[in-house]
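What follows is a set of notes on a single structure, which appears directly below.
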Amino acid sequence: MKSEFIVSSGTPAMFPSDRLPEVAFLGRSNVGKSSLINALTGQKGLAFTSNTPGRTQTINFYRIAGQLNGIDRPFYLVDLPGYGYARVPPGFQLEWKKLTEQYLEKRETLKLSCLILDPRRAWTDKDLDLKRWLEYHGRPYLVVATKTDKLNQSEQERGMRAIRKEGVEPLSFSALTGRGVREIWQAIAKTIQPR
């Protein structure tokens, strides 16, 4: 598998135009979207990670090519700006929101959205709004619970139970141990390359 950063897009005009399928990663600031992309690709520094919320301020496209989990066509992993507690002026947050909405509403090549949650916080109001929006617009999505390595067994179970209350079965993921990488790839493969 070959993975490479292609473009950081601040406007829809900068989105790739080659019509390859896309898998988007959505979630609050600092939930672990970039770490998840790095773990999936096996490239630690591909997507920029930071302890400071709000570092991803554009939509970042990563092209994936090669034989992988039954996928034999190129596609993109797409890292969207996080929402929530980023310390930026309200004008910037409004621009990110508009850019994200334009992407989610109009992007015909978007095949799957991965809604990333922290099981320590379960669903925030913004997470629930996004989930409902995806459902209303008929956008397929997968819920991934990140940072599970930071929890003991009972905390993990409590967090996963809270996520399940919204009628979804989350995939558990740890960037530290790689737990969940195979299952997430399998879900992506089913969407990108249906049999």
Requested in this report: State whether segment 98-195 is rounded, prolate or oblate according to the following rule on the C-alpha gyration tensor (a ≥ b ≥ c being the square roots of its eigenvalues): a/c under 1.5 gives rounded; otherwise a/b larger than b/c gives prolate, and the remaining case gives oblate.
Outcome: oblate
Report task. Please give the peptides 174-180, 21-27, 1-7 ranked by average Cβ packing (other Cβ atoms within 10 Å per residue), highest first, as a rough proxy for protection. Result -> 21-27, 174-180, 1-7
Query raised in the report: If you count the DSSP beta bridges with both ends in the chain, what percent of them are antiparallel, to the nearest 5?
Result: 40
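What is the magnitude of the charge dipole of the chain about its Cα centre, with +1 placed on the Cβ of each Lys and Arg, -1 on the Cβ of each Asp and Glu, and no other charges, expressed in debye to the nearest 20?
220
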Query raised in the report: Please report, for the Cα atoms of the chain, the Rg to one decimal and the Dmax as a whole number; what are they, in angstrom?
Result: 15.7, 47
Report task. Take the chain, connect every pair of alpha-carbon atoms lying under 10 Å apart with a spring to form a Gaussian network, then pick out the residue of Leu68, Leu110, Leu142 with the largest mean-square fluctuation. Result -> Leu68
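Each reported figure results from applying straightforward, stated rules to the coordinates on display, with no laboratory input. As the structure is a computational prediction, the values presented were derived from the model and not from experiment. So basically every Cβ, Gly included, is an ideal-geometry build from the backbone, and we count neighbours across all protein chains shown.
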